[in-house]
Amino acid sequence: MLEVLVRNANGNLSNHDRDYAIKKLSKLDRYFSHATKAELAYCEDKHGHVIEVTVFADGVPLHGREVDSHANAAIDSVVDKLEAQLRKLKKRTLDRRQGRRDRPNFRAA
């Protein structure tokens with residue numbers, strides 16, 4: 001199970017938004033069974049709601065940051081970014097494990 005730590009750096013994330021973020025981030029553990037911890041840092045600035053998330057998957061820290069005028073939209077965007085990073089990392093790990101490499105096909109002339 002993914003442990004989610006929520007920190008309020010500047011401003012205060014509402015309980016509804018906090019629960020929404022925890023729900024969305026807990027779905028990230030389907031990519032790696034060893035994804036143990038996710039840290040979410042929230043702050044408000046003049047540009048809107050700033051969400052920064054760091055996920056630790058198999059000892060590799062993955063980081064995403066998003067700014068939006070709505071907290072839920074920022075959470076959705078940063079989770080999408082992290083899902084893409086996790087998919088890429090998982091594919092790379094599986095390819096190495098199975099001995100696949102991207103080799104160019106050169107023909108002998």
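Taking only Cα atoms, what is the 0 to 90° angle, nearest 10, from helix 15-26's long axis to the longest principal axis of the chain?
With rounding to tens, the tilt is 10 degrees.
Between residue 72 and residue 20, what length in nm is gained on full extension when 0.36 nm per residue of separation is reduced by their alpha carbon distance?
Numbers: separation 52, 0.36 × 52 = 18.72 nm, distance 0.76 nm.
18.0 nm is the gain from fully extending residue 72 to residue 20.
In which sequence would 14, 26 go, from the one with the fewest C-beta neighbours within 10 Å to the one with the most? Before the final figure, lay out the partial values.
On the way: 14 9, 26 14.
The fewest-first ordering by Cβ neighbours comes to 14, 26.
Cut-off 19 Å, label point 7 angstrom out along Cα-to-Cβ of residue 10: give me the residues of region 33-65 whose amide nitrogen falls inside.
Backbone N within reach: 40-54, 64-65.
To test your reading of the geometry: what angle, between 0 and 90 degrees and rounded to tens, separates the Cα axis of helix 71-97 from the longest principal axis of the chain?
20 degrees
Looking at region 3-97, send over the antiparallel percent of its DSSP beta bridges, to the nearest 5.
Taking every DSSP beta bridge within region 3-97, about 75 percent pair in antiparallel fashion.
Where does each of 36-42, 60-66 land if you order them by average Cβ count within 10 Å, highest first? Could you put the intermediate results ahead of the total?
Details: 36-42: 19.0, 60-66: 15.6.
Going by the mean number of other Cβ atoms within 10 Å, highest first, we get 36-42, 60-66.
Relative contact order of region 3-97, please, whole-number percent, based on alpha carbon pairs below 8 angstrom and at least 6 residues apart. Walk me through the numbers on the way to the answer.
Working: 151 pairs, mean separation 23.3, N = 95.
Dividing the mean separation by the residue count of region 3-97 yields 24 percent.
By the scheme Lys and Arg +1, Asp and Glu -1, what is the net charge of all other residues having a beta-carbon under 12 Å from that of residue 83?
On the way: positive: 24, 27, 30, 81, 87, 88, 90; negative: 29, 76, 80.
So the surrounding residues net to +4.
Computed from these coordinates, which is P(r) over Cα pairs in 10 Å bins from 0, in percent: (1) 14, 42, 23, 11, 7, 3, 1; (2) 12, 28, 16, 11, 9, 8, 8, 6, 2, 0; (3) 11, 16, 18, 14, 10, 9, 8, 6, 4, 2, 0?
Looking at P(r) over Cα pairs in 10 Å bins from 0, in percent for this model, the match is (1).
If the cut-off is 18 Å between C-alpha atoms, which lysines fall inside it for residue 37, apart from same-chain ones fewer than 8 positions away?
Qualifying lysines at Cα under 18 Å: 23, 24, 27, 81, 90.
Bear in mind these aren't lab numbers, they're just calculated from the coordinates by the rules spelled out. Every value quoted in this text rests on a predicted model; they were computed, and no experiment measured them. Neighbour counts are summed over all protein chains in view; Cβ atoms, including those assigned to glycine, are modelled from backbone coordinates with ideal geometry.
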